[in-house]
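Student: Questions regarding the structure given below will be posed in turn.
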């Protein structure tokens with residue numbers, strides 16, 4: 001199955017805000033009490049980072065589709081997907097470390113928080129992408145990765 005751009009965006013957003021959100025809430029509980037306000041703990045950073053991974057990923061997907069157009073089959077090999085996921089994580093981490101992500105300030109211990117959070121979200125979203133998602137949404141494979149296809 002070669003995904004469409006709309007299918008990539010749907011799959012990415014759906015998985016990040018279901019599977020990724022559950023994992024993020026779990027890590028928010030691990031990393032400290034959840035509070036609101038100017039002195040809220042660092043755990044809230046994870047929700048914003050999840051948002052930035054999604055937003056930047058949408059831009060990456062457009063670039064991936066452009067690059068795929070140069071391949072003879074118009075598809076993206078699985079090994080490339082794992083490589084670009086690593087690249088996405090590095091880019092988001094560097095932006096985070098340089099404090100270029102609005103609302104998220106890098107602090108002590110944030111490397112490990114980011115590493116474990118991003119790694120866990122990446123693993124489980126990919127596991128769902130290549131496993132249960134195909135069972136729950138059988139039309140996903142035949143509609144270019146679109147979870148909610150056009151009628």
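Student: By how many degrees, 0 to 90 and rounded to 10, does the Cα axis of helix 110-130 deviate from the longest principal axis of the chain?
Tutor: With both axes taken from Cα atoms, the answer is about 30 degrees.
Student: Based solely on its DSSP helices, what 222 nm [θ] is calculated for the chain when runs of n ≥ 4 H residues each add -39,500 (n - 2.57) and the sum is averaged over all residues, nearest 500 deg cm²/dmol?
Tutor: Computed ellipticity for the chain at 222 nm equals -20500 deg cm²/dmol.
Student: Using label points projected 7 Å from each Cα along Cα→Cβ, tell me how many nm separate residue 98 and residue 123, to one decimal.
Tutor: 3.0 nm
Student: Please state the relative contact order of the range 5-143 as a whole percent: Cα pairs under 8 Å, 6+ residues apart?
Tutor: Averaging sequence separation for qualifying contacts and normalising by length gives 32 percent for the range 5-143.
Student: By counting other Cβ atoms within 10 Å of each Cβ, how are 91, 135 ranked from fewest to most?
Tutor: Ordered by Cβ neighbours within 10 Å, fewest first: 135, 91.
Student: How large are Rg and Dmax for the range 19-135 when calculated on the C-alpha trace, in angstrom?
Tutor: Using the Cα atoms of the range 19-135, the pair Rg, Dmax is 15.8, 53 Å.
Student: In the Gaussian network model of the chain, springs joining C-alpha atoms below 10 Å, which of 139, 89, 107 carries the largest mean-square fluctuation?
Tutor: Looking only at 139, 89, 107, the largest GNM fluctuation is found for 107.
Student: For each of 23, 136, count neighbouring Cβ atoms within 10 Å of the residue's Cβ, then give the residues from fewest to most.
Tutor: Placing the least packed residue first, the sequence is 136, 23.
Student: Let me ask something additional. How much length, in nm to one decimal, is gained on full extension between residue 78 and residue 135, taken as 0.36 nm per residue of separation minus their Cα-Cα distance?
Tutor: 18.5 nm
Student: Still on this structure, I have one more. Treat the count of other C-beta atoms within 10 Å as a stand-in for reagent exposure and order 124, 72 from fewest to most.
Tutor: Ascending number of Cβ neighbours within 10 Å: 72, 124.
Student: Something else: How tilted is helix 78-97 with respect to the longest principal axis of the chain? Cα atoms for both, answer in degrees (0 to 90, nearest 10).
Tutor: The answer is roughly 30 degrees.
Computed from the coordinates by the stated procedures, all read-outs in this text should not be read as laboratory data. Because the structure is predicted, anything quoted here is derived from the model rather than measured. We place every Cβ from the backbone using ideal geometry, glycine too, and count neighbours over all the protein chains shown.
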